[in-house]
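Data first, discussion second: the structure below is written as structure tokens.
The values are calculated or read from the model by the stated rules, or taken from the named source; none is laboratory data. Quantities reported herein were computed from a predicted structural model and do not represent experimental measurements. A quick note on method: Cβ atoms are made from the backbone with ideal geometry, for glycine too, and the neighbour counts reach across all protein chains shown.
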Amino acid sequence: MSKTRILVCDDEAAARRGVVRALGDADHDFIECADGRACLAVLERPRHGVDLILLDLRMPGMDGMTTLAHVTALPHPPPVVVITADASLRTAIDAVKAGAVDYLSKPFEIDELRLVVWQSLETARLRLENRRLADEVRRLGGGRRLLGESPAMLGVLDAIERVAPTSAGVLIRGESGTGKELVARRLHEASDRSRGAFVAVNCAAIPDTLVESELFGHRRGAFTGADRDRPGKFRQADGGTLFL
């Protein structure tokens, strides 16, 4: 089993060495950087092989938040765990919202560090596997065989292949039980939005008084029983496909 490569970015050499010692070298290789620019220089290499970044937020020059913004803008960025002092916990939460997968507050326990690193690497591995499987599904034609091989169905499949690469809204007509959702899922899988969510909504099952809330979301206290903010189906499907 190949070692994972972890980039430790902190302006304090002692802090970097402490992280490396805590994680050990049995399962990991390490790259140490003293500032954000050095971190980005590593990632600019064609085959940097970085699997995870441990990024301190308080650094001179290019700080952690600026570095994080540059990292998350990369086509396939490695996951980033930010490290911060207790006083900047609010900043750490903002960093997670900006794309970091997790954060550690100084001082942290060795077991906490190891757990966060393991969880972050495992999440990244699963996302990579999901992306590989999605690419394989597209390569094999997705659900083509599931939808049948009759001339009429092949015509539907051909239409799907023509429409899927576009951003057009699609009207799917058919009686109940004829496979409208299967067609919608096939469109989703064959489109550039396949890595986003596929959200199916049975509009007929939503009471008239709740349609707006279900589709567009609501704020806490907007009506009786709304005890928390809730994103609507349009928000949930952002970047993916909404099937109504």
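Tell me which residues, restricted to the stretch 10-53, are touching a Gly at 6+ places or on another chain (Cβ under 7 Å) and assigned to a helix (DSSP H, G or I). Talk me through it step by step, then tell me what you get.
Step one: filter the stretch 10-53 for residues touching a Gly at 6+ places or on another chain (Cβ under 7 Å), giving 35-37.
Listed by number, the residues that qualify are 36, 37.
Against the condition assigned by TED's automatic domain parsing to the domain that holds residue 16 and either at pLDDT below 85 or in contact with a strand residue (DSSP E or B) (Cβ under 8 Å, 6 or more places away or on another chain) (or both), how does residue 147 come out, does it pass? Here the answer is no, as residue 147 does not meet what is asked.
Only residues that are out of contact with any strand residue (DSSP E or B) (no Cβ under 7 Å at 6 or more places or on another chain), in contact (Cβ under 8 Å) with a residue 24 or more places away in the chain and surrounded by fewer than 15 Cβ atoms within 10 Å (Cβ to Cβ) were counted across the stretch 73-93, and they come to 1. Taken as a whole, the structure places residue 142 among residues that are under 25 Å from the mean Cα position of the chain (by Cα), assigned to a loop (DSSP other than H, G, I, E, B), at pLDDT below 85 and on the phi > 0 side of the Ramachandran plot.
Of the numbered criteria (1) modelled with pLDDT of 80 or more; (2) within 25 Å of residue 195 (Cβ to Cβ), the one residue 105 fails is (2).
Would you please name the residue that is surrounded by the most Cβ atoms within 10 Å (Cβ to Cβ), looking only at residues in the stretch 94-113 that are hydrophobic (A, V, I, L, M, F, W, C) and assigned to a helix (DSSP H, G or I)?
Step one: list which residues in the stretch 94-113 are hydrophobic (A, V, I, L, M, F, W, C), which gives 95-96, 98, 100-101, 104, 108, 110, 113.
Pick out the ones that are also assigned to a helix (DSSP H, G or I) and you get 95-96, 110, 113.
On the way: 95: 24, 96: 15, 110: 13, 113: 18.
Taking the candidates together, the pick is 95.
Is it the case that some residue within the stretch 54-68 is among the aliphatic types (A, V, I, L, M), touching a Leu at 6+ places or on another chain (Cβ under 6 Å) and within 26 Å of residue 125 (Cβ to Cβ)? Among the residues of the stretch 54-68, not one is among the aliphatic types (A, V, I, L, M), touching a Leu at 6+ places or on another chain (Cβ under 6 Å) and within 26 Å of residue 125 (Cβ to Cβ), which makes the answer no.
Filter the stretch 54-70 for residues that are within 19 Å of the chain's Cα centre (by Cα) and either exposed (fewer than 14 other Cβ atoms within 10 Å of the Cβ) or not in a strand (DSSP E or B) (or both) and give the result.
Step one: filter the stretch 54-70 for residues within 19 Å of the chain's Cα centre (by Cα), giving 54-55, 65, 67-70.
Those that are within 19 Å of the chain's Cα centre (by Cα) and either exposed (fewer than 14 other Cβ atoms within 10 Å of the Cβ) or not in a strand (DSSP E or B) (or both): 65, 67, 68, 69, 70.
Does the stretch 165-181 include one or more residues that are in a helix (DSSP H, G or I) and hydrophobic (A, V, I, L, M, F, W, C)?
Step one: of the stretch 165-181, the residues in a helix (DSSP H, G or I) are 180-181.
Filter again for hydrophobic (A, V, I, L, M, F, W, C), leaving none.
Checked the stretch 165-181: no residue is in a helix (DSSP H, G or I) and hydrophobic (A, V, I, L, M, F, W, C).
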